[in-house]
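First the structure, in the form of structure tokens, and then the observations on it.
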Amino acid sequence: MTCIRLILLSVFSAAFLSLTAQAQADGRYMISAANPHAAEAGRDILAAGGSAVDAAIAAQLVLGLVEPQSSGIGGGGFLMHFRAGNGVIDAYDGRETAPAAATPEMFLGPDETPRKFYDAVVGGLSVGVPGLLRMLEQAHQDHGRLPWADLFAPAIRLARDGFQISPRLHYLIDRDTERLTTFDTTRSYFYQPDGTALPVGALLRNPAYADVLDQVAGGGADVFYNGQIAADIVRTVRGADRNPGLMTAEDMSGYRAIRRQAVCGTYRENRICGMPPPSSGGITVAQILGLLEGFDLHRMAPDSLAATHLIAEAGRLAFADRNLYLADTDFVPAPLKGLLDPGYLKSRAGQISLKSSVGKAEPGTPPQDHGALIPMQDDFERESTTHLSVLDADGNAVSMTSSVENAFGARLMTRGFILNNQLTDFSFSPEKDGIAIANRVEPGKRPRSSMSPTLVLGPDGRLRMAVGSPGGSRIIGYVAKTLIGVIDWNLTMQQAIDLPHVINRNGGTDLEEETSAAELKTALEALGHQVSIRSLNSGLHGIRITPAGPDGGADPRREGIVLEGSTTR
């Protein structure tokens, strides 16, 4: 059995690189993003000769305008980049950080018990230092081709001219009226004078956001992290009428994005590369696939009971480990190599039976010291995130997931953009039975994430896929299922994205409502699963590279699209 192993990816052989370059010799490019305006901005940058990073930046800046519930410059993200020229994969960490004044007890109530989620979210206390712009600037310095300022033009123009409220944005504004009207800025921006949500088709302009982008376009990310924009962010956070926060100007100016080494494993001889901690996504996706390596999924129908059961069981075991061991490794030790050790995964997979569910799984003991950690508490990670995948004409690729955490973040708005509530991704409980919880709040720490931007290289070393999704901690299952769809069942990217969702995070098994998966409820219960049928609102956006060219997919559960073109004439 081929087993997953941890690989800190550097440079591939010249043979692999030449194959990749040859595969992209036709000059075709593609972007899959969660909103048509964003996809068009990215496509236009690619058509102008921009790199994958250039297109990702332009698209992301538009997403912050048209999808403010999901991501933006007031939040953070992770970006995976594949360099066709030398085969290197870079992993950029733009995750938000806790301010220097943060304490492990900051989300406890007066009775020293954890606060309810929404009691902590709304207001300044939940806002982490935004990381998105620093990350994008670092990636552009490394891989950009067009001038930085050019990438801001589409979002600036759209913010000034206005865009029409989409059905999805209207629905989310209307659904969140009680919390989104807490503060004057969000109430005046998203609602009509009578207090009703802006209707579908209403023209929404955001000159304040355009002004911020114009300044950053001219002066770089330093303009955002220092000076008046940073001062306005701090004033909004600390002066919130509800849950005033702890952020300072020094927290803003001191933020740094980090270029990390990707964590990569193998599955059916493909290399699966994702983000390391503070994201749990890369390791946990790799574990799910590693646990399934010994099963002949390719012989099973995608909607079969056997395949559904196996995927749920692998998720159960992987999440048992994820919930115990993974957090920001700059602060706590984590057995990354041990979690992907071949012998360890083989032993863990031995618990999976086609005849019954393992039930609530216990974490394993990987072969590496991991310190005194206990399972995470109060894992509230929510689904308001976005993902985009890009392939440029030279074969470079980006897989980027970004977020403000909950829908509309902390419900605070500054200078036309939403501020995140990422600090509520930390454990609200600092300890249990006197033992410190790995994902507790600490000054300067980055909260654990499940974002799973993923790049896949085929057995021949060529780039094969760029994919990711929003969806809170369910992101991991969404991405793993899509990879299985392409690799095991030879589906197109769109077909793999369209597959019904089956999610297990070491608890009940979630089946996507109104799909063939929901029809397996009774059969799965007979195997010992506790089953829930529910909406599973992923936002998968991916690109698959084939001998015939790129093949893209956009999740029909949201409003994204795939756009492509070619530099050849």
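The values are calculated or read from the model by the stated rules, or taken from the named source; none is laboratory data. On a predicted model such as this, the values are computed, not experimentally measured, just so you know. Methodologically, a virtual Cβ is constructed for each residue, glycine included, from the backbone with ideal geometry; neighbour enumeration extends over all protein chains shown. Accessible surface is based on the protein model in full, side chains and every heavy atom, while ligands, DNA and RNA are left aside. Shrake-Rupley method; radii C 1.70, N 1.55, O 1.52, S 1.80 Å.
Every residue, every condition in (1) within 21 Å of T509 (Cβ to Cβ); (2) not charged (D, E, K, R), yes or no:
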| site | (1), (2) |
| --- | --- |
| R316 | yes, no |
| N323 | yes, yes |
| T329 | no, yes |
| K337 | no, no |
| L340 | no, yes |
| G343 | no, yes |
| K346 | no, no |
| S353 | yes, yes |
Evaluation of P459 against (1) part of a loop (DSSP other than H, G, I, E, B); (2) open to solvent by less than 40 Å² (accessible area, probe 1.4 Å); (3) out of contact with any Pro (no Cβ under 7 Å at 6 or more places or on another chain) (one fails), failing number: (2)
Enumeration of residues in the range 178-199 that are open to solvent by 40 Å² or more (accessible area, probe 1.4 Å), within 16 Å of G409 (Cα to Cα) and either in a helix (DSSP H, G or I) or aliphatic (A, V, I, L, M) (or both): E178, R179, D184, T185, R187
Test: residue in the range 96-103 that is in contact with a helix residue (DSSP H, G or I) (Cβ under 6 Å, 6 or more places away or on another chain) and at positive phi: no
Residue list for the range 181-204, filter: out of contact with any strand residue (DSSP E or B) (no Cβ under 8 Å at 6 or more places or on another chain) and in contact (Cβ under 8 Å) with a residue 60 or more places away in the chain: T182
2 or more residues closer than 23 Å to L180 by Cα: qualifying helices (runs of 4 or more DSSP H) within the range 200-288: 207-219, 227-238
Contacts under 8 angstrom Cβ, first residue in the range 341-364 being over 10 Å from L291 (Cα atoms), partner open to solvent by 50 Å² or more (accessible area, probe 1.4 Å) and hydroxyl-bearing (S, T, Y), 6 or more apart: G364/S347
Conditions (1) at pLDDT 95 or above; (2) more than 28 Å from R179 (Cα to Cα); number of the one not met by A372: (1)
Residues satisfying the stated conditions in the range 42-75, i.e. among the small types (G, A, S), closer than 22 Å to R168 by Cα and in a loop (DSSP other than H, G, I, E, B): S70, S71, G72, G74, G75
Residues of the range 353-367 satisfying the condition of being under 17 Å from R322 (Cβ atoms) and open to solvent by 20 Å² or more (accessible area, probe 1.4 Å): V358, K360, E362, P363, T365
Scan of the range 105-128 for residues that are open to solvent by 10 Å² or more (accessible area, probe 1.4 Å) and small (G, A, S), ordered by number: G109
Count - residues of the range 249-289 that are within 23 Å of V234 (Cβ to Cβ) and open to solvent by 10 Å² or more (accessible area, probe 1.4 Å): 8
Single unsatisfied condition, L336 versus (1) more than 25 Å from L499 (Cα to Cα); (2) of a type in the set (A, V, I, L, M, F, W, C); (3) modelled with pLDDT of 95 or more: (3)
Selected residue (criterion: modelled with the lowest pLDDT) from residues of the range 341-352 that are in a loop (DSSP other than H, G, I, E, B) and open to solvent by 30 Å² or more (accessible area, probe 1.4 Å): D341
Extreme residue, nearest to F428 (Cα to Cα), among residues of the range 375-401 that are modelled with pLDDT of 95 or more and in a loop (DSSP other than H, G, I, E, B): N396
Which listed residue is among the small types (G, A, S) and over 28 Å from M451 (Cβ atoms), from G220, G201, G265: G201
Residue in the range 298-319 that is touching a Phe, Trp or Tyr at 6+ places or on another chain (Cβ under 8 Å), surrounded by fewer than 24 Cβ atoms within 10 Å (Cβ to Cβ) and in a helix (DSSP H, G or I) present: yes
Answer residue from the range 440-456, given it is in a loop (DSSP other than H, G, I, E, B) and open to solvent by less than 10 Å² (accessible area, probe 1.4 Å) and is nearest to Q422 (Cα to Cα) among those: P447
